[in-house]
Amino acid sequence: MRTLLPRSPWKRGVSPSHMRECGSEGNVLPRKQTGRPLVWKSLPQVSTPLKGRRVIYLDNAATSYPKPPQVAEAMLRFIREIGANPGRSAHRLSVEASRIVYEAWEALARLLNIADPLRIAFGLNATEALNLALYGILRPGDHVVTSSMEHNSVMRPLRALERRGVEVTVVPCSPEGFLDPADIEAAIKPNTKLIVLNHASNVVGTLLPIAEAGEIARRHGLLLLVDAAQTAGAYPIDVEADRIDLLAFTGHKSLYGPMGTGGLYIGERVPFRSLSLSNGAALAAARSWRSSPTSSPICARAGPLTR
């Protein structure tokens with residue numbers, strides 16, 4: 001089924017009452033006698049200290065803004081009241097920091113239907129997660145199938161791997177941005193190892209058929225890597241039902257977190273040794289990758305927002 005990523009009222013800062021006034025799209029107020037629609041007045045405006053002006057923010061595909069107040073509150077509470085390293089000591093503040101980290105794991109596992117929360121590795125963002133997966137799994141002589149709707153965070157490492165002997169097939173989408181699952185299956189070769197797809201385009205908003213791709217991957221004994229930078233938190237994702245083996249996500253978009261947050265879900269069909277950072281290429285691609293979050297204050301906001 002051809003699907004478009006739905007608009008999020010919170011991301012656009014539009015209250016339900018505002019949407020009732022402006023219609024389901026929340027973007028056009030009634031015309032004045034001049035007959036000109038007051039489009040700009042209906043858009044959410046944000047007060048900023050930049051030259052004392054209010055701005056209309058429409059760049060949520062890059063970073064969601066404004067953030068829910070719980071984000072700042074949770075991070076500020078951690079800095080003021082806890083402030084310790086998780087898993088480094090036995091004193092009560094360190095134990096509390098560790099509890100926050102585990103709650104973040106569990107909240108994300110519930111959101112994405114992940115059976116084992118510890119199969120989520122926190123990192124800096126989706127780009128880092130995608131690089132780790134691609135460089136960790138693909139070797140010279142392997143073949144990977146992807147689509148023409150991919151973000152540079154997928155295409156650039158794939159082109160770099162192509163120069164190292166990895167074969168890349170880019171399956172073209174329709175002019176509207178839709179992908180036929182039959183075209184994915186037709187691109188599979190005897191040496192294919194991975195299918196990597198963008199769940200939703202940040203340019204046109206189309207959803208790619210990841211559930212169908214998951215079925216194809218299992219049928220051919222392949223792995224499926226999904227770039228969920230645009231959909232994690234905005235659209236239902238079920239790694240079990242969709243048969244996703246690896247899922248890269250970021251925290252600063254529809255999970256409403258700060259920049260510098262994200263991670264990678266690693267399914268049971270993916271051996272951890274495939275993602276070993278002893279691989280020089282993987283290490284260079286993910287220099288600061290770690291299995292625990294980059295900072296506990298960042299994890300502090302994950303719990304209340306993913307429940």
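Read the figures in this text as sums done on the coordinates, not as results from a lab. A quick note: this is a predicted structure, and the numbers were derived from the prediction, not measured. Cβ: placed from backbone, ideal geometry, glycine included. Neighbour counts: every protein chain shown.
Panel note: the C-alpha atoms of region 64-211, placed on their principal axes, show extents of 56, 34, 27 Å (largest first). In region 116-294, the inverse of the mean reciprocal separation of distinct Cα atoms equals 16.0 Å; this is its Kirkwood hydrodynamic radius.
Computed from the Cα positions only, the extents of region 189-231 along the three principal axes stand at 33, 16, 14 Å, in decreasing order.
With a cut-off of 9 Å between beta carbons, the residues surrounding ASP142 carry a summed charge of +1, where Lys and Arg count +1 and Asp and Glu -1. Peptides 223-234, 95-106, 252-263, 207-218 ranked from most to least packed by the mean count of surrounding Cβ atoms within 10 Å: 223-234, 252-263, 207-218, 95-106.
What you get for region 134-207, charging only the Cβ of Lys and Arg (+1) and of Asp and Glu (-1), is a dipole of about 440 debye around the Cα centre. Net charge dipole, region 116-294: roughly 780 debye, given to the nearest 20, about the Cα centre with Cβ charges of +1 for Lys and Arg and -1 for Asp and Glu. The alpha carbon centroids of region 47-99 and region 237-270 are separated by 20 Å. Taking all Cα pairs closer than 8 Å and separated by 6 or more residues, the relative contact order of region 41-157 comes to 10 percent. Using the average count of surrounding beta-carbon atoms within 10 Å as a protection proxy, the listed peptides 193-200, 170-177 rank, highest first, as 193-200, 170-177.
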